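Written below as structure tokens is the structure these notes are about.
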Amino acid sequence: MSKQPPDTGVTQQQAEDAVRVLLRWSGEDPQREGLLDTPKRVVKAYRDWFSGYETDPADYLRRTFKEVAGYDEMVVLRDIEFESHCEHHMAPIIGRAHVGYMPTNRVVGISKLARVVEGYARRFQVQEKLTAQIAQCIQETLHPAGVAVVIDASHECMTTRGVHKRGVSMVTSQMLGTFRDDARTRAEFLQFIGIHGGSR
């Protein structure tokens, strides 16, 4: 499901040189023994952390299954762990996504829902956009009766800098179709993922 790496016009050597500049700017010596291979390691890590730019998450949803004996009730995948990075400070966002949809006549393999989350998480993000992208991708590709996405995440740009508030998480949600229109369906989804009566 991967595409060719994006043509950024930046070479591996240029990326490594940029890391050396940041090391010097921070007061370090990029030539000391412990840091000699750091630029190469950082660039390799970035290739992994931001591999979402090399994929089209919708591709994961294009293989569906019709033989479901008429099942048309809610499908929910809870507690999908993910790591992303804040586009404002390039700091980690660590959290869990909960994804639900109401199939019409086809379903998708459950691992593919997790891959959609990963595909968007492995990019520079803000949590609100990440939540909306996941929901819209599922809605536009599967055409279900509705989609629900809730994300609960901790932002290291807030816990390790700035206000330094640990133990704080942010919750965002996107409800489409029947999840937006039907309060009972929405409440059932929130109960499934453990958000009920205003507490988790």
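Miscellaneous remarks
- Two-site label geometry, Asp181 and Val76: point separation in nm, points 7 Å out along Cα→Cβ: 2.1
- Cα-Cα P(r), the stretch 1-108, percent of pairs per 5 Å interval: 2, 9, 12, 15, 15, 12, 10, 8, 6, 5, 4, 2, 1
- Cα→Cβ-extended label distance, 7 Å offset, between Asp17 and His88, nm: 3.3
- Segment Arg41-Thr8, extension gain: residue separation times 0.36 nm, minus the distance between their alpha carbons: 9.9 nm
- For Trp49, Trp25, the ranking by accessible surface with the largest value first comes to Trp25, Trp49, using a 1.4 Å probe.
- Note on the chain: with a GNM built from Cα contacts shorter than 10 Å, the maximum mean-square fluctuation among Leu77, Leu22, Leu142 falls on Leu22.
- Thr178 accessible area, 1.4 Å probe, all protein chains in place, Å² to nearest 10: 30
- Normalising the average separation of contacting C-alpha pairs (under 8 angstrom, six or more residues apart) by the number of residues puts the relative contact order of the chain at 19 percent.
- Translational diffusion coefficient (Stokes-Einstein; Kirkwood radius from C-alpha pairs) of the stretch 72-137 at 10 °C, 1.306 mPa s, in µm²/s: 127
- As a calculated quantity, the FRET efficiency between Asp48 and Glu128 at R0 = 35 Å, using C-beta atoms, amounts to about 0.90.
The values are calculated or read from the model by the stated rules, or taken from the named source; none is laboratory data. These figures come from a predicted structure and were not determined experimentally. Positions of Cβ are generated from backbone atoms using ideal geometry, with glycine treated the same way; all protein chains shown enter the neighbour counts. The accessibility values were calculated without ligands, DNA or RNA, using every heavy atom of the protein model including side chains. Shrake-Rupley method; radii C 1.70, N 1.55, O 1.52, S 1.80 Å.
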